[in-house]
Amino acid sequence: MRVLVISDIHANLAAFQAVLQDAKGKWDQLWCLGDVIGYGPNPNECVALLREQDHISLSGNHDWAVLGKIDITIFNPEARKAIEWTRSVVSSESYNYLDGLPTMIEMAPFTLAHASPRQPVWEYILDIGTAAANLEHFNTPYCLVGHTHVPILFAEEIGSNKVLPYGAAVGTPIQLNKRRCIINPGSVGQPRDSDPRAAYVLLDTEKLIWEFNRVEYPVRQTQESMRLAGIPVRLARRLEFGW
Ligand code: ZN
């Protein structure tokens, strides 16, 4: 099966549409690793567009925050404002859909978790130590995570309990092999690797080929919608820098 793997749409409809357009005809099922909403200006539209696809989705920490499943005082003030705004506009349909999503799914040979297999809603896997510590928290060869908004692949070093990081080079398909991996496709709606383009992955689950992709989208359009919604300016500005 050909899978479109995405994460962290964060209510950025223009970015989500660009990904679907760019990947059109190249996938059979969409896997979304959570944080469909929070930060961006189009939560209900993004949930609706996701639901139109043949898909599987997780929920993430921002989804949980909007649902009231976690205390929002732990978020920074701007993220909190965006969550409060999202709460004020989220429809009962979107709410009920997100409320029914898990934070982790095992579908051998893949485990899907929003943040990490050890802490599916909380933990940031940004370094090799955290990635290595997470290897013992999933049973399958491969674990797909989002949450950091940074596309990266951590592969186990054979014969040790260490991992090595591999950057997300676009246009260089990666053959997954016997080495266990934790892989992050990056973020659709708020990339944080200094590349403002929306990130997505095409995965062939039979050939086990993983391909990082990026696509430009009209950042200005999202920024303008955020301005009109009264979402903090800094959250809109960061989109054009990719952090
Ligand atoms: Zn996120």
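How much mean residue ellipticity at 222 nm does the chain get from its helices, if each DSSP H run of length 4 or more adds -39500 (n - 2.57) and you divide by all residues, to the nearest 500 deg cm²/dmol? Walk me through the numbers on the way to the answer.
Details: 8 runs with 75 residues, N = 243.
That comes out to -9000 deg cm²/dmol.
Let me spell out the model: positive unit charges on the Cβ of Lys and Arg, negative unit charges on the Cβ of Asp and Glu, origin at the Cα centre of the stretch 1-155. What dipole size does that give, in debye rounded to 20?
100 debye
Compute the length gained on full extension between Glu136 and Asp99: take 0.36 nm times their separation in residues and subtract their Cα-Cα distance, giving the result in nm to one decimal.
Additional length available on full extension: 10.5 nm.
Pick from Asn139, Asn61, Asn42: which residue has the top mean-square fluctuation in a GNM of the chain where Cα pairs under 10 Å get a spring?
Of Asn139, Asn61, Asn42, the Gaussian network model singles out Asn139 as fluctuating most.
Give me the accessible area per residue for the chain, probe 1.4 Å, as a whole number in Å². Please list the in-between numbers first.
Values: 10260 Å² over 243 residues.
About 42 Å² of surface per residue is accessible.
At a threshold of 8 angstrom on Cα-Cα distance, excluding pairs fewer than six apart, so keeping six or more, what relative contact order does the stretch 15-146 reach in percent?
Relative contact order for the stretch 15-146 comes out at 23 percent.
Students often check this: by mean Cβ neighbours within 10 Å, which of 93-102, 144-153 ranks highest, and how do the rest follow? Don't skip to the end; give the middle numbers.
Values: 93-102: 16.6, 144-153: 24.4.
So the peptides 93-102, 144-153, ranked by packing, come out 144-153, 93-102.
If you scale each eigenvalue of the Cα gyration tensor by 5 and take the root, what three semi-axes come out for the stretch 2-240, rounded to whole angstrom and sorted largest first?
The three semi-axes for the stretch 2-240 are 28, 19, 17 Å.
Could you count how many Lys pairs in the chain have their Cα atoms under 22 Å apart, skipping same-chain pairs fewer than 8 positions apart?
Numbers: Lys24/Lys207; Lys26/Lys207; Lys69/Lys81; Lys162/Lys178; Lys178/Lys207.
Final tally of qualifying lysine pairs is 5.
At a Förster distance of 25 Å, what's the computed FRET efficiency of Glu216 paired with Asp54, Cβ-Cβ distance as r, to 0.05?
The formula returns an efficiency of 0.45 here.
How much of the accessible area of the stretch 124-243, in percent, comes from carbon and sulfur atoms when a 1.4 Å probe is used?
On the way: 3040 of 5630 Å².
C and S atoms contribute 54 percent here.
Quick one: work out the % antiparallel among DSSP beta bridges in the chain, nearest 5.
Working: 26 of 40 bridges.
Just about 65 percent of them are antiparallel.
R0 = 30 Å: FRET efficiency of Phe241 with Gln21, Cβ-based, nearest 0.05?
0.80
The values are calculated or read from the model by the stated rules, or taken from the named source; none is laboratory data. Please read these numbers as outputs of a predicted model, since none were measured by experiment. Counting neighbours? That spans all protein chains shown, and the Cβs are built from the backbone with ideal geometry, glycine included. Surface accessibility is based on the protein's heavy atoms, side chains included, excluding ligands, DNA and RNA. Shrake-Rupley method; radii C 1.70, N 1.55, O 1.52, S 1.80 Å.
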